[in-house]
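Chemist: Before I ask anything, let me first share the structure, which is written out below as C-alpha cells.
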Amino acid sequence: METVKQVQKKYISLALTFSIGVALLLILIGHKPVGKGLILGAIFSVLNFILMGKSIELKLGRSKAKTFSISMGSIIFRYLLLAIPLIIAVKYEQFNLVAAILGIFMIQLVILAEHVLTFIPAMGKKQA
C-alpha cells in the first residue's frame, strides 16, 4: 500500500504538470490572466494537499478530544489558506478568478480523472 508521501508526490506531480502545461498554452494563445489564475490556484491546492497529509500524521495515537482539536484547527487553517488565491484573484486583474477557482480544485480533479481513466478500461474488460 502506498504511503501518504508517495500518494502526495504522485498527485502533486500530475496536478502541477497538467496545470503548467495548460497555463503555458493559455498564455501563448493570449489568455495570460487565465493561465496565471490557474497556476495560482494550483499552487495553493498543492499546499492544501500537503497540509492534509501532515494533519493525518498529527492525529495518529491521540485522544478523541485532541484529534478533534487538531482536525478543526487544520480545517480552519486550510480554509484560510485557500482564501488567499481567491482574494488575490479578486483584487488583481492579472489573475482570472474562475481559473484560480479551477486551480484550487486541481488535486481533486486529477484524482478523479485518474480513477475514471482506470475505471473505464476495467469495465470494458469485465464485459468482454
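The values are calculated or read from the model by the stated rules, or taken from the named source; none is laboratory data. Everything numeric in this text was worked out from a predicted model, so none of it was measured. With ideal geometry, Cβ positions are generated from the backbone for all residues, glycine too; neighbour counts draw on all protein chains shown. Protein only, heavy atoms only, side chains kept; ligands, DNA and RNA dropped before computing areas. Shrake-Rupley method; radii C 1.70, N 1.55, O 1.52, S 1.80 Å.
Chemist: What is the stretch 61-128 by shape, rounded, prolate or oblate, if you read a ≥ b ≥ c off the alpha carbon gyration tensor as root eigenvalues and call it rounded for a/c under 1.5, prolate for a/b larger than b/c, and oblate otherwise?
Modeler: oblate
Chemist: Right, here's the next one. Can you give me the Kirkwood hydrodynamic radius for the chain, using every pair of distinct Cα atoms, in Å to one decimal?
Modeler: Result for the chain, one decimal place: 16.2 Å.
Chemist: Among residues other than residue 51 whose Cβ falls under 14 Å from its Cβ, what is the net charge (Lys/Arg +1, Asp/Glu -1)?
Modeler: +3
Chemist: What FRET efficiency comes out for residue 54 versus residue 93 if R0 is 35 angstrom and r is the Cβ-Cβ distance? Round to the nearest 0.05.
Modeler: 0.55
Chemist: Return the whole-Å distance between the Cα centroid of the stretch 94-124 and the Cα centroid of the stretch 18-90.
Modeler: The distance from the Cα centre of the stretch 94-124 to that of the stretch 18-90 comes to 14 Å.
Chemist: If you don't mind, another one. Which whole-number value in Å² is the accessible area per residue of the stretch 33-110, probe 1.4 Å?
Modeler: 60 Å²
Chemist: Also, I was wondering about something else. Of the trypsin sites (Lys or Arg not before Pro) in the stretch 17-96, which ones lie in a loop per DSSP and count no more than 14 other C-beta atoms within 10 Å?
Modeler: For trypsin sites (Lys or Arg not before Pro) across the stretch 17-96 that sit outside H, G, I, E and B with at most 14 neighbouring Cβ atoms in 10 Å, the list reads 62.
Chemist: Also: For a 25 Å ceiling on Cα separation, which of these pairs sit above it: 10/126; 5/59; 10/64; 36/59?
Modeler: Flagged as over cut-off: 10/126; 10/64; 36/59.
Chemist: Now for a different question. Please report, as a whole percent, how much of the solvent-accessible surface of the stretch 9-128 comes from carbon and sulfur atoms (probe radius 1.4 Å).
Modeler: Using a 1.4 Å probe with all protein chains present, the stretch 9-128 comes out at 75 percent carbon and sulfur.
Chemist: Mind checking the dipole of the chain: about its Cα centre, +1 per Lys or Arg Cβ, -1 per Asp or Glu Cβ, Debye to the nearest 20?
Modeler: So the magnitude is around 420 debye.
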